[in-house]
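Undergrad: Have a look at this one.
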Amino acid sequence: MSENGRGRVVVQSAQWGFFFFIAYIGAAVYFVSVSDGSFWGVVLGLLQAIVWPAYVVYHALVLLHA
């Protein structure tokens, strides 16, 4: 422990962070490419790239009839 009585926390998730960053870039490229090219279409594509895992989980649950 350190001198002030607090422990040190080390977060070792850099590999997953890089994976999720690459997944976001890929999703952003996809969603922006299928948009109509307008400003709000691109903004919507970037927002969809953030929440695309929710789409995947939703459609997986629909397929499983859960």
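Every number here is computed from the coordinates shown, using simple stated rules; none is lab data. Keep in mind it's a predicted model, so treat the numbers as computed, not measured. All Cβ positions, even for glycine, are placed from backbone atoms using ideal geometry, and neighbour counts span all protein chains on display.
Undergrad: If one takes the longest principal axis of the Cα atoms in the chain, at what angle in degrees, from 0 to 90 and to the nearest 10, does the Cα axis of helix 39-63 lie?
TA: Around 80 degrees separate the two axes.
Undergrad: Got the relative contact order for the chain handy, in percent, Cα pairs under 8 Å and 6 or more residues apart?
TA: For the chain, the relative contact order is 22 percent.
Undergrad: Taking 0.36 nm per intervening residue step and subtracting the Cα-Cα distance, what contour gain separates residue 36 from residue 21 on full extension? Please report the intermediate quantities before stating the final value.
TA: Working: separation 15, 0.36 × 15 = 5.40 nm, distance 2.43 nm.
Extra length from residue 36 to residue 21 when fully extended: 3.0 nm.
Undergrad: Another one. Points 7 angstrom from Cα along the Cβ direction at residue 63 and residue 14: gap in nanometres?
TA: Output for this residue pair reads 3.5 nm.
Undergrad: Please give the contour-minus-distance gain from residue 43 to residue 55: 0.36 nm per residue of separation, less the Cα-Cα distance, rounded to one decimal in nm. Don't skip to the end; give the middle numbers.
TA: On the way: separation 12, 0.36 × 12 = 4.32 nm, distance 1.76 nm.
Gain on stretching residue 43 to residue 55: 2.6 nm.
Undergrad: Kirkwood hydrodynamic radius for the chain: how many Å is it when counted over pairs of different Cα atoms?
TA: Details: mean 1/r = 0.0679 Å⁻¹.
Hydrodynamic radius (Kirkwood, Cα pairs) of the chain is 14.7 Å.
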